[in-house]
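The values are calculated or read from the model by the stated rules, or taken from the named source; none is laboratory data. Quantities reported herein were computed from a predicted structural model and do not represent experimental measurements. In this analysis, Cβ positions are derived from the backbone assuming ideal geometry, glycine residues included, and neighbour counts consider all displayed protein chains. These area figures cover heavy atoms from the full protein model, side chains too; ligands, DNA and RNA do not enter into them. Shrake-Rupley method; radii C 1.70, N 1.55, O 1.52, S 1.80 Å.
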Amino acid sequence: MTTMNDIAKALGVSRPVVSSVFSTRRQGTVRVSDKTRQRILEKAREMGYRPNHVARSVATGKTRVVAFVGGVMRFDFAMETLSGVMTQAERSGYMVKVMQSCDTDWTPRQIVDTLLGRRVDGVILFHFEQTQWDQLIHELGGTIPVVALSCVGTEGGLISVNSDNHQGYEQIIDHLMALGHHRIAMVGGLETAI
């Protein structure tokens, strides 16, 4: 496997110069001319260089991994949401670790141990009820940034993104009644979703 040292040796430049070219920062730690940058990139392609993300995470303290921890993942909205999260994460240079808590006997402590053990840079809690995410937030103790997405009862200091289901249902009912329908039923998901 080709390393930055191999590229530096092949071109007669220092390793910090090569490292600067592949740095994820706007500008690396060493100034590199455009001509040298192009030579390094061409040599890297020629030699089949692939960045070592594990080594980078050790050096930077960032894994570029976000955890998507889902309470319920068995419906279309969950899959569409996950797809959107993964697409945006990839565009931003992140990977997504997906964890589904409802099919396991995981305790909040076990979920937190996994999140901390994997050194994720952030957590998206999806479709959790307040008691569930409350326990997770407490167990995390502020060690990892957390956003709640479509979680019931998210108030206070937790950053959250939710839809206004109640108003949406009112609009649906008003619309159906305006069309002359009076016997309206709903077949839905979780008891707490409305």
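Using a Cα distance threshold of under 20 Å, what count of lysine pairs results for the chain when pairs must be 8 or more residues apart or interchain? Number of lysine pairs found: 4.
Compared with the dominant Cα axis of the chain, that is its longest principal axis, helix 76-91 is turned about 20°. Annotation: extensible slack from Ser57 through Ile184 equals 40.3 nm (criterion: 0.36 nm per residue apart, minus Cα-Cα distance). Ellipticity at 222 nm from helices only: DSSP H runs of n ≥ 4 in the chain, each -39500 (n - 2.57), divided by the residue count, give -13500 deg cm²/dmol.
Between the Cα long axis of helix 34-47 and the first principal axis of the chain there is an angle of about 80°, rounded to the nearest 10. A DSSP coil position with no more than 12 other Cβ atoms inside 10 Å describes the following chymotrypsin sites (Phe, Trp or Tyr not before Pro) in region 47-153: Phe75. Loop-resident trypsin sites (Lys or Arg not before Pro) (DSSP state other than H, G, I, E or B) in region 1-93 with no more than 15 further Cβ atoms inside 10 Å of their Cβ: Arg25, Arg26, Arg31, Lys62, Arg74. Computed with a 1.4 Å probe over protein heavy atoms only, the accessible surface of the chain comes to 68 Å² per residue.
Shown for the chain is the translational diffusion coefficient from the Stokes-Einstein equation, using the Kirkwood radius over Cα pairs, a temperature of 25 °C and a viscosity of 0.890 mPa s: 121 µm²/s.
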